[in-house]
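Below is one structure; the comments refer to it alone.
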Amino acid sequence: PCWSECTSNASICTTESFWTSKTVSASQSATEDCRYLLYMANFSSNLDTLNEMVESSVDAAWPRHLLCQVAFVSKKSKLVRRTFSDLLKNEDSKAQTSMVENGKISSNGWRLVWIDQDEAHLSEGDLMLPKIAPESLLSTNVSKAFYMELEHLQVIPTLQVVWFLMSKKLDSKALPTRRVRETRP
């Protein structure tokens, strides 16, 4: 999208993005209390459910409250429409209004941040933005983010696996060092 860092040096940018300042603000607000983030993007109107992350049977204490899950989805998806419908069944109309705010509702532990269009109406840049420039969408409080590819959403890793990956694979201090063989004359 034109406003992202990816196109900051582009001289001509005519494509209007569906990542509006309102949507970006909702996304940043949804991740305000997140230190670590597991996130995904699926803009299909057929998206019906998101799998729940579970904890393994290990009794280790994992700081679940530090990890947030965010799903970037289409407002036209079955998931969002069903979630709205479930919320509107609530008798308290004041609660209904506040609960239907973008980024404030969740499904199976995933905070939903939606855009108004589905994947058929999005540009390639709009589809890729959550993956290639998440810093444009997330709160500055997020220190590490872990993106889940769509094809891997059938099985969400356990909380312990996500913590392991974040601590070992994303920590630059823990990355394997490359050994250089010394040659002697």
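The values are calculated or read from the model by the stated rules, or taken from the named source; none is laboratory data. Here the structure is a predicted model, which is why all the values come from computation and not from measurement. When the accessible area is computed, the model is the full protein with side chains, heavy atoms only, and any ligands, DNA or RNA have been set aside. Shrake-Rupley method; radii C 1.70, N 1.55, O 1.52, S 1.80 Å.
Residues with amide H under 5 Å of Phe146's amide H, sequence separation 5 or more or different chain, H placed in the peptide plane at 1.01 Å from N; which?
Those qualifying (amide H under 5 Å, at least 5 residues apart or on another chain) are Leu37, Leu38, Tyr39.
Would you tell me the accessible area of Glu52, worked out with a 1.4 angstrom probe on the heavy atoms of the protein chains, in Å² to the nearest 10?
Per-residue accessible area (Glu52): approximately 110 Å².
Taking amide H positions as placed 1.01 Å from N in the peptide plane, with prolines and chain starts having none, which residues 5 or more places from Ser107, or on another chain, fall under 5 Å of its amide H?
The list, which skips near neighbours in sequence, is Leu112.
Once the whole set of protein chains is in place, how much accessible area is left on Lys78, using a 1.4 Å probe, in Å² to the nearest 10?
90
Any idea of Val161's accessible area? Nearest 10 Å², probe 1.4 Å.
Probe radius 1.4 Å; accessible area of Val161 about 70 Å².
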